Amino acid sequence: GSPQGSLVISTSSIDPTTGKNVIAYAGDPLLHRTLDDGTALPTVTLGDPENGNVFHRMRLNPKFSNIIWYKRDQPSPDPGGVAEPEIWLVDLNSPNTVYSVAGTTPVDHASWSPDGTQIGYHINGVWYLANVVNSDGTFNLSSYSGTGFTSTKIGPPQGFVADACYCTWAPDGSVYACTGGSVPGSPVYLMSLDGSQTKYLSATDSTGTVDAGLPKARFLDMQHIMFSSDRAGTPQVYVISGFTTTFP
């Protein structure tokens, strides 16, 4: 169908039956999916209480293509762009049953672990980790209280030069690449999985606190990290190389 306003697109995940990539997308309050050969999968109505709102962001699980986390936009003409507080988690084989990753606590900028079992997110610039999926692809309901999954405060360490507004795992799951979000020019840095160690990599020279100026670092592979910045006056993508992922 024709999307309404802007189109929100997920990362892909491999469908175990066909071996093809699944891509989730939406331009309205419904969740749409397609295989990479153009085959459409059934459209899904999700059971969260905000399901009359358009999507803000969505990410399919990297290991289990039937699991997705997503956020909705607050009610407004599409695209409103202002997110609701909750990150929702759902098994698309049972779309009426959804879970809030952190209850009603405002959380954002979530990221899947490479093995698909954990979701990282930030609260006020501090990175947290929630154990949400078991290794067999079922939800870790033993860690769910009804107001959110059990989570752990990670970092960065107190006194570090930047907060942790955006963090993503390295492809091998050994370390985070992080950038701040509250202050223009926040650096790109590595952070250990327990949050106790950091390593500065690069200034970003970003000037804005809107998307065009936020550096959102992520690994391309184990030797390259990319980030965005408006350091040249217009948003561009930069690549960092020549680093190691070990800490001094």
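A few remarks follow.
- For the range 65-77, the condition holds for no residue, the condition being that it is within 23 Å of PRO187 (Cβ to Cβ), among the small types (Gly, Ala, Ser) and either open to solvent by less than 30 Å² (accessible area, probe 1.4 Å) or touching a residue at least 24 places away in the same chain (Cβ under 8 Å) (or both).
- Residue satisfying all of: in the range 189-222; of a type in the set (A, V, I, L, M, F, W, C) and modelled with pLDDT under 95; most open to solvent (accessible area, probe 1.4 Å) among these: VAL210
- When the range 151-184 is filtered for residues that are of a type outside the set (Ser, Thr, Tyr) and touching a His at 6+ places or on another chain (Cβ under 7 Å), the ones remaining, listed by number, are ALA164, CYS165.
- Close pairs (9 angstrom Cβ cut-off, 6 or more residues apart or separate chains): under 18 Å from TRP112 (Cβ atoms) in the range 135-159, part of a loop (DSSP other than H, G, I, E, B) and of a type in the set (Phe, Trp, Tyr) anywhere: GLY137/PHE64
- Any hit, the range 30-42, residues being in a strand (DSSP E or B), among the basic types (Lys, Arg), closer than 18 Å to GLY116 by Cα and open to solvent by 20 Å² or more (accessible area, probe 1.4 Å): no
- Of the residues screened, ARG57 is one that is basic (Lys, Arg), within 25 Å of CYS165 (Cα to Cα), in contact (Cβ under 8 Å) with a residue 24 or more places away in the chain and surrounded by fewer than 18 Cβ atoms within 10 Å (Cβ to Cβ).
- Index of the failed condition, VAL161 passing every other in (1) open to solvent by less than 50 Å² (accessible area, probe 1.4 Å); (2) more than 25 Å from VAL98 (Cα to Cα): (1)
- Considering (1) open to solvent by less than 30 Å² (accessible area, probe 1.4 Å); (2) part of a strand (DSSP E or B), the lone condition that GLU86 does not fulfil carries the number (2).
- Filter result for SER142 (outside any loop (DSSP other than H, G, I, E, B), more than 18 Å from LYS63 (Cβ to Cβ) and small (Gly, Ala, Ser)): yes
- Identity of the residue in the range 16-27, touching an Asp or Glu at 6+ places or on another chain (Cβ under 9 Å) and in contact (Cβ under 8 Å) with a residue 40 or more places away in the chain, that ends up surrounded by the most Cβ atoms within 10 Å (Cβ to Cβ): VAL22
- In the range 164-186, the residues that are open to solvent by 50 Å² or more (accessible area, probe 1.4 Å), within 17 Å of TRP112 (Cα to Cα) and of a type in the set (Gly, Ala, Ser): SER174
- Looking at TYR128, TYR166, just one residue is at negative phi, among the aromatic types (Phe, Trp, Tyr) and at pLDDT below 95, and that residue is TYR166.
- Filtered residue count, the range 106-139, keeping only those that are of a type in the set (Gly, Ala, Ser) and assigned to a strand (DSSP E or B): 4
- Count - residues of the range 89-102 that are among the small types (Gly, Ala, Ser) and open to solvent by 50 Å² or more (accessible area, probe 1.4 Å): 1
- Test: residue in the range 53-65 that is at pLDDT 95 or above and β-branched (Val, Ile, Thr): no
- Residue within the range 170-188 that is without any contact (Cβ under 8 Å) to a residue 40 or more places away in the chain and either in contact with a Lys or Arg (Cβ under 9 Å, 6 or more places away or on another chain) or assigned to a strand (DSSP E or B) (or both) present: yes
The values are calculated or read from the model by the stated rules, or taken from the named source; none is laboratory data. Not measured: the values here are computed from a predicted model. All Cβ positions, glycine included, derive from the backbone under ideal geometry; neighbour counts span all protein chains shown. With ligands, DNA and RNA removed, areas are computed over all heavy atoms of the protein, side chains included. Shrake-Rupley method; radii C 1.70, N 1.55, O 1.52, S 1.80 Å.
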